[in-house]
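First up is the structure itself, then whatever we jot down about it.
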Amino acid sequence: MLSPCVRSSPSVLPVAQSFGLRPRVRQPEVSARLQEPVAVACLASVAVVCWQVHRPACRGPSRLRRGRVRLGAKARAELLVDGDQGSIDLIEKAIERLKGQGRSVVTTVFAEPRRVDSKRWRAFFRERLITFCPVPRRRGQEATDVAIEARLVRLSQLPDDLCVALLTADAGFVDIVGDVAASRDMTVFIPETSGNVVRKYRTTSAAVVPIQSQSLSKEGPRVRAILHPDGSGSVEMAEPWQCPMGDAEAEQLTQFLQDLGYHGERGFLVQAIAKFWVAHRLGPLTVYPAGLGCASMHKEIQAAGPEASWTRYSRDLAFFLPITKAPTKTMHNVKEYGTTHAMAVFEGGGPFTIKASRDMVEQALRRLGYLDGHLSCDLAEALLAFVNLPENYKALKRCEALPTAADAVSDVVEKLHHAFLAHDTGGRWRVAPSDTQVRKKLCKHGFLIHEAASRSEVLEAMQKFARSRGLMQMRSYVGYVFRIQQYMCRSRPSKVGSVDFRDLRRPFAKEVGLRVV
């Protein structure tokens, strides 16, 4: 039986004070960034409740002196797992890798509170003696990232030889990993399919270990996403592909594209390659799997030779590789598409590019299904639905383009304009949410006769449902789909976000006197 252990959050105090550590003569040097108070006021409410299994409530600091561990010494490692990214098999492989180095491993998984409701995860925590730290979701915050960063700061201050390890597929920890690795032994485990993320962490002094996830298919994606010369795109099925590009070739391409302005200090190669390809009118380009696009680019510049003249990037092109919500991993889906991500790309409909213009954001939202000129004509509600999908939220966060409560619609449009032209997203934006689950909900509660009803009938049913639940009035189909999905997922806020902005703060139906059905 799991027993709770409350850890009060130290993150709202200066680091040394909050940890209650006495000064030691041999305290390792710590970067200035890690000595600052952690800017995570939201963690005051996290007060992380950890579910522990047969572990001592507290361990004192290791007596091992800092330095290389002697052969046979039982050094300690603390593995922090980004539960938004890590699967059970990846966690097990990371633990075994650390144990193979002769270390005793303490593992903590940070994830949404409902994770422990899963029988499979609960059994895993119990059998592997893993600490589970439920992180409540907070409005406008990446709560899991914030909690992990706070723990990394704390571990960086400990004076012993503890090895700090992190399992993630998110490049958002690169800066803090660099700071921690500068003062102590640190290892970062990353799924080997996240090649671009691996390369980013290799710019730090941390040991970076790609690990392979168990898969129902070892063959790779069966989907091809092709960008056409006119900026349109298509998807098609093909033979499995699995041939990742080597680091040397990737570094060569990165430097080449950076010199021409197509790639920034960070970002995704395929996005830069797509923009370069369209700018030089080189014909069709396979942009998924990304390795095929990289191989085509490498071949092109090798064939052109060092004397070739290339056009510099004028920051006037946005690249999109639409995706759907990640489908459930089933034997059928993996057999059909190779990977679940390949399925999401296939159902996204294909890549496209848009020239930068005053109405670029509206064009993009129309292509992604948030605006349709009929039942979904409200720009503000299209923006609301777009920014609150988890995939889009994370991409906007990477670009530092998340809307705030003080933003007007024009501010949000400006932020999306910046994000669509940025180098940091890979062009992977999620299409408008499906209304399938909403239709099921409406039928279940008697607001809709059958799930195959027309969109006009569904819109009318959604309006009645929203009034009956006191939900905010909306002006569009996509707006009602978003609002009802938000209501359906109110106990799982990570599924549908709660980002809001100024022009959408309207009264709830009950508050404005609308008839309740």
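Mind listing whichever residues of the stretch 122-133 are of a type outside the set (Val, Ile, Thr) and buried (at least 20 other Cβ atoms within 10 Å of the Cβ)? Before the answer, list the steps.
We begin by selecting, within the stretch 122-133, every residue of a type outside the set (Val, Ile, Thr); these are 122-129, 132-133.
Those that are of a type outside the set (Val, Ile, Thr) and buried (at least 20 other Cβ atoms within 10 Å of the Cβ): Phe125, Phe132, Cys133.
Here are the criteria: (1) out of contact with any Ser or Thr (no Cβ under 7 Å at 6 or more places or on another chain); (2) at pLDDT below 95. Tell me which single one Val438 does not satisfy.
(2)
How many residues does the stretch 193-215 hold that are over 24 Å from Ala150 (Cβ atoms) and either within 16 Å of the chain's Cα centre (by Cα) or not in a loop (DSSP other than H, G, I, E, B) (or both)?
We begin by selecting, within the stretch 193-215, every residue over 24 Å from Ala150 (Cβ atoms); these are 193, 195-196, 198-199, 202, 210-215.
Right, trim to either within 16 Å of the chain's Cα centre (by Cα) or not in a loop (DSSP other than H, G, I, E, B) (or both) and you get 193, 195-196, 198-199, 210-211.
The qualifying residues number 7.
Just need a number here: residues in the stretch 442-459 that are closer than 13 Å to Tyr480 by Cα and within 33 Å of the chain's Cα centre (by Cα).
Matching residues across the stretch 442-459 total 4.
What number of residues within the stretch 223-244 are aliphatic (A, V, I, L, M), closer than 15 Å to Lys335 by Cβ and touching a residue at least 24 places away in the same chain (Cβ under 8 Å)? So that I can check it myself, show each step before the final result.
Of the residues in the stretch 223-244, the ones aliphatic (A, V, I, L, M) are 223, 225-227, 235, 237-238.
Narrowing the set further to residues that are closer than 15 Å to Lys335 by Cβ leaves 223, 237-238.
Cutting the leftovers down to touching a residue at least 24 places away in the same chain (Cβ under 8 Å) gives us 223, 237.
Selection size over the stretch 223-244: 2.
With Ser183, Ser194 as the choices, which residue is small (Gly, Ala, Ser) and farther than 28 Å from Val387 by Cα? Lay out the reasoning, then the answer.
Working: Ser194 fails: farther than 28 Å from Val387 by Cα.
Residue meeting the stated conditions: Ser183.
Assuming Lys325 fulfils every condition listed in (1) of a type in the set (D, E, K, R); (2) touching a residue at least 24 places away in the same chain (Cβ under 8 Å); (3) out of contact with any strand residue (DSSP E or B) (no Cβ under 9 Å at 6 or more places or on another chain); (4) farther than 24 Å from Arg266 by Cα apart from one, which condition is it?
Of everything listed in (1) of a type in the set (D, E, K, R); (2) touching a residue at least 24 places away in the same chain (Cβ under 8 Å); (3) out of contact with any strand residue (DSSP E or B) (no Cβ under 9 Å at 6 or more places or on another chain); (4) farther than 24 Å from Arg266 by Cα, Lys325 misses just condition (3).
Looking only at the stretch 88-113, filter to residues that are among the polar types (S, T, N, Q) and under 15 Å from Phe132 (Cβ atoms); which one of those is surrounded by the most Cβ atoms within 10 Å (Cβ to Cβ)? I'd like the intermediate steps shown before the answer.
Within the stretch 88-113, the first condition is being among the polar types (S, T, N, Q), and the residues that meet it are 101, 104, 107-108.
Filter again for under 15 Å from Phe132 (Cβ atoms), leaving 107-108.
On the way: Thr107: 22, Thr108: 20.
Per the stated criteria, the residue is Thr107.
What are the pairs, 6+ residues apart or on separate chains, where a residue within the stretch 112-130 that is farther than 18 Å from Leu80 by Cα has its Cβ under 8 Å from a residue that is modelled with pLDDT under 90 and among the charged types (D, E, K, R)?
Arg114/Arg492
Return the only residue of Ala279, Ala308, Ala238, Ala304 being closer than 23 Å to Glu336 by Cα, aliphatic (A, V, I, L, M) and surrounded by fewer than 19 Cβ atoms within 10 Å (Cβ to Cβ). Before you say what the answer is, go through the steps one by one.
Working: Ala279 fails: closer than 23 Å to Glu336 by Cα; Ala308 fails: closer than 23 Å to Glu336 by Cα; Ala304 fails: closer than 23 Å to Glu336 by Cα.
When all the criteria are applied, what remains is Ala238.
The values are calculated or read from the model by the stated rules, or taken from the named source; none is laboratory data. Computed from a predicted structure; not experimentally measured. In this analysis, Cβ positions are derived from the backbone assuming ideal geometry, glycine residues included, and neighbour counts consider all displayed protein chains.
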